[in-house]
1. Return yes when LYS569 is open to solvent by 40 Å² or more (accessible area, probe 1.4 Å) and either in contact (Cβ under 8 Å) with a residue 40 or more places away in the chain or touching a Pro at 6+ places or on another chain (Cβ under 6 Å) (or both) and no when it is not.
2. Show the residue pairs meeting these rules: Cβ distance below 6 Å; 6+ apart or different chains; first residue within the stretch 209-236 and in contact (Cβ under 8 Å) with a residue 60 or more places away in the chain; second residue open to solvent by 40 Å² or more (accessible area, probe 1.4 Å) and assigned to a strand (DSSP E or B).
3. For the stretch 143-182, how many residues meet the condition of being open to solvent by less than 50 Å² (accessible area, probe 1.4 Å) and aromatic (Phe, Trp, Tyr)?
4. Taking the stretch 273-288 on its own, how many of its residues are open to solvent by 70 Å² or more (accessible area, probe 1.4 Å) and within 21 Å of THR225 (Cα to Cα)?
5. Out of everything in the stretch 233-264 that is open to solvent by less than 40 Å² (accessible area, probe 1.4 Å), in a loop (DSSP other than H, G, I, E, B) and not aromatic (Phe, Trp, Tyr), what residue ends up being nearest to LEU285 (Cα to Cα)?
6. Identify the residue in the stretch 439-474 that is over 20 Å from ALA366 (Cα atoms) and among the polar types (S, T, N, Q) and, among all such residues, is surrounded by the most Cβ atoms within 10 Å (Cβ to Cβ).
7. Among helices (runs of 4 or more DSSP H) lying entirely in the stretch 309-425, which contain 2 or more residues that are more than 30 Å from the chain's Cα centre (by Cα) and surrounded by 21 or more Cβ atoms within 10 Å (Cβ to Cβ)?
8. I'm checking my understanding of the structure. Among residues of the stretch 426-454 that are modelled with pLDDT of 85 or more and of a type in the set (Val, Ile, Thr), which one is nearest to the chain's Cα centre (by Cα)?
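The values are calculated or read from the model by the stated rules, or taken from the named source; none is laboratory data. Since the model is a prediction, treat every value here as computed from it, not as a measurement. Cβ placement follows ideal geometry from the backbone for every residue including glycine, while neighbour counts extend to all protein chains displayed. Remember, those area values only see protein heavy atoms, side chains included, never the ligands or the DNA or RNA. Shrake-Rupley method; radii C 1.70, N 1.55, O 1.52, S 1.80 Å.
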Amino acid sequence: MNERHRSELLAAIETDLIGPHDGLDEQLVPSAGPRSPLPDDVYLTGLLLPQEPDRVESNADIDDDAGAVADRGHESTDDPGASIPTALAARPRVLGLSFSLGPDTTTFCVRFEAGRYEPFWTEGDKRVFIQGDRDPDLVSWVRKQVVVTGRLAVAERGYPGEDLYEISLEDATGTKIDGLRCRARLLRQPTALQVTVTVENSLTQVPGPFGRNCATWFQTQLHVTTSGSFISRPDMRADDDEDGRSNALLYRNVHEWAVGHTCSASWDSDEAPRRVSTDWLPRQLVKSMSADGHERFKDALRRAQHSNDAGTLGGAETPEELVALLSYLPDEYENWLNDRAAEVPNLSAEELRQTAARHIHNAREALGRIRRGLEALADPIAFEAFRLAQRAMHLQTVWKQQQSKKPVSGLSWRPFQLGFQLASLAGLVFPFDKETGQLSQDRAAMDLLWFPTGGGKTEAYLGLCAFLLFLRRLRDQDRSDRGDGVSIIMRYTLRLLTTQQFERAAATILACEVLRRSQPWSKEDDPQFSVGLWVGNSTTPSSTWMARTDQKEKAKMLKACPCCGKQLKWDEGGTGSDPYLVRCGRLKAKKTSSCELNHKAFGPLPVYTIDELVYRRRPSLLLGTVDKFAQIVRTQSIKTGPQQENCWRPHGGSYPVSYTHLRAHETGRN
């Protein structure tokens, strides 16, 4: 969205929610019904409501509500908006601004703008304004614009014991307007004058159907200008914890010139504002983030010996060749870190320099993990697993591009995607410390992969999933289970696991399975790579019986073939260990060139969306939701399963088809 379209959209939203729709002198007239809508039915925010007759508050209460922010807002542990009661925020009759003025300030001026709506009805050509609780059949409303100003001299003011001041608001003729009360609370400090200005609707609602609307101020806005200068307010939460100190560093050049109460605040310039204002529709332009990373990475990739292409990485013939292709990533990251470290001494405050040093230290630890990940690729099994994982990610991307009729180019990794995978490799390849036998530092680390939507987080961790699947399968060839069982659990919050996420995971797993079958080390009876969906009865069936009766469609969570895009065929007539099968369209006698999954030799797709089959087949990648895991301790059928089956796994004997069985195969695994 360009700037013009964004401005037009914001203006339309503001007009719709705050008003006025039809200029400063607009009229709200009856349309289809017997009377026009009430103004507070039309405009939802920007209002200052009157006091209700049975809830008239004392002056002491009003003083506390309107001015306590200025008293407490300078304590570093207080939230600047904490002293405005929740009831006032929900049905406000007071709005306010807190700001700081420079020591050169002698006066500041306030300007308050609002609209009042008066009900009237028409007798012939005459407009009759309604008084009291009269309720005619036809009623309209006319808006009147009100603009009042006031000023306060602040020299020698703001000392303890003399800090709350009334400000007289007058219109252009010098007439004081009834129904408004403006006050300022001052607190003088050595380098600044802290100020909170509030405007209160002092009218009391009168009885009758129009009493509240007649006494309400609409489209309210407060502006403050000064004879001196505004001073940026310090972040009062910067010292709360590490996150607060980190934010203080990252946003050190972002100024907060005012804070709104029961509303937001805005200013006319980010650098040296001359005016601060209230704002009922807060807005902030957030620049988009580039997933391509720093220019250093682009420059490095222009060199022939480097690559971020998954197909090229999967085609490396030796560990040395693979490391050479990827070495640019830690090298350029280190160069970038050195540039940032050189900026630390120039920061303005010691607190910022300490926080920056901590950031650099943490980043260098991440750099060390990336380098150890590259070193781990010297292991022959890790090298082969990484190559196969890259080829799988390349293959599933080619499938997707062919379906969309786009030029087939494969997958090119972004810097943060490769960095995440490499930083995680050492912990997967060498999970235990050789000297202590305890979990290694790399394995004990937990990463938060953060990036805006569409940046490529899913591909990054699916690439790592593919690596782990191949690593276990290659390492466990001599084990009785040959690397089978659940290797990865992806746990999502409640129902945020979408069908698209499952489709993308299924495409990766099926690409891995296609490659596994073509490897010389793969045996005909080796277990398949598989994917399972475990989200509960409201989304998927818990048993094959339910899938064959009233929940047929719920089992069909994967609609199209990941390879060719054709509709999948779900077969309910299977028997034995596969009572519910899914295939790519019509089975062909031989493999066709159009779809690597559509041939008799491949067989049913290893995709399981029914709880019973998830417990029985123990899919390599299991996608579930938190609420499903929470049921383990309280739902007997999940703990023990519906039936007993003989299991050939190392634990031996009869074992219930359940989540417990699923987890049993993880015992002793890395």
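1. Details: open to solvent by 40 Å² or more (accessible area, probe 1.4 Å): yes; either in contact (Cβ under 8 Å) with a residue 40 or more places away in the chain or touching a Pro at 6+ places or on another chain (Cβ under 6 Å) (or both): no.
So LYS569 does not fit the description; no.
2. These pairs meet every condition: GLN221/GLU113; HIS223/ARG111; HIS223/ARG275; THR225/CYS109; THR225/ARG275.
3. 1
4. 3
5. CYS263
6. Looking at the filtered set, the residue picked out is THR458.
7. Details: elements: 310-314, 319-326, 328-343, 350-376, 380-403.
In the stretch 309-425, 310-314, 319-326, 380-403 are the helices (runs of 4 or more DSSP H) which contain 2 or more residues that are more than 30 Å from the chain's Cα centre (by Cα) and surrounded by 21 or more Cβ atoms within 10 Å (Cβ to Cβ).
8. The selected residue is VAL429.
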